[in-house]
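Worksheet for the structure shown next.
The values are calculated or read from the model by the stated rules, or taken from the named source; none is laboratory data. All values derive from a computational prediction rather than experimental measurement. As a convention, Cβ positions derive from the backbone with ideal geometry for all residues, glycine included, and neighbour counts pool all protein chains shown. Accessible surface is based on the protein model in full, side chains and every heavy atom, while ligands, DNA and RNA are left aside. Shrake-Rupley method; radii C 1.70, N 1.55, O 1.52, S 1.80 Å.
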Amino acid sequence: MARGRRWARSIARRVAALPPLAVLCIGWSILFLYAYPGQMVRDSFDHLLEARSGQYTDAHPPAINLIWRISDLIIAGPLGMLLLQSTTLLAGLYLVLRRTFATQRAAWIAIGVLLFPAVMLPMAVIWKDALMAGLLMLGLAGLLSERRGPPPWGLAPVLGAIAIASQP
């Protein structure tokens, strides 16, 4: 019994000593293994079809079709969009939480939020709403930045989220 407790304490110390980047990568990997290659819905298929054919309709925002086109050229199919939307959300969560918590604790809380079922399930679906949430969180992190003057790198993701949400 004592050996088992020592082993458990040893593992707990090792896990607690992980650097923040390792914690974030482990948490992101869990989401990735769950969601791979990304659940497609009708709207996602429409975006992908328009991006591949080059014939755009006014049923979807042009920005999401452009993002799909670029993503599909790099990694064909929904995997590129899954990588983009999950990475932007996790990075934004971590950067916002890092302002309040120590870096390691912020990483643990960020993956806790990412892997919470109410967040993880919608992030597994490839649609503009999940990408918009990730961009807004990344933009919030940029807007809260402590740099002097207006934080321009925080405006770009926010503008991207607005472009994704707006209909022509």
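Some values worked out for this structure:
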item	result
Distant-in-sequence amide H partners of Gln39 (H built 1.01 Å from N, under 5 Å)	Val125, Ile126
Cα-projected label distance for Phe101 with Trp7, points at 7 Å along beta-carbon direction, nm	3.0 nm
Solvent-accessible heavy-atom area per residue, rounded to whole Å², over the stretch 36-135 at 1.4 Å	50 Å²
When the stretch 37-154 is reduced to its Cα atoms, the Kirkwood hydrodynamic radius in Å	15.2 Å
Segment Leu33-Asp129, length gained on full extension (0.36 nm per residue, minus Cα span)	32.5 nm
0 to 90° range, to nearest 10: angle between helix 62-74 axis and the chain longest Cα axis	60 degrees
Sequence of Arg5, Arg69, Arg42, Arg99 when ordered by accessible area, the most exposed leading, probe 1.4 angstrom	Arg42, Arg5, Arg99, Arg69
Fraction of accessible area attributable to carbon and sulfur, the stretch 16-168 (%, probe 1.4 Å)	70 percent
Under 5 Å, built H, 5+ apart or other chain: amide partners of His60	none
Value of [θ]222 nm, deg cm²/dmol, for the chain, DSSP H segments ≥ 4, -39500 (n - 2.57) each, nearest 500	-23500 deg cm²/dmol
Estimated FRET transfer efficiency (Val41, Thr87; beta-carbon r; R0 25 Å; 0.05)	0.75
Max mean-square fluctuation residue, GNM over the chain, Cα-Cα springs under 10 Å, options Val15, Val125, Val96	Val15
On Cα atoms only, tilt of 79-97 relative to the major axis of the chain in degrees	50 degrees
Using alpha-carbon coordinates, inclination of helix 128-143 to the longest axis of the chain, degrees	60 degrees
Gaussian network model of the chain, springs between alpha carbon atoms under 10 Å - residue of Asp46, Asp129, Asp58 with greatest fluctuation	Asp58
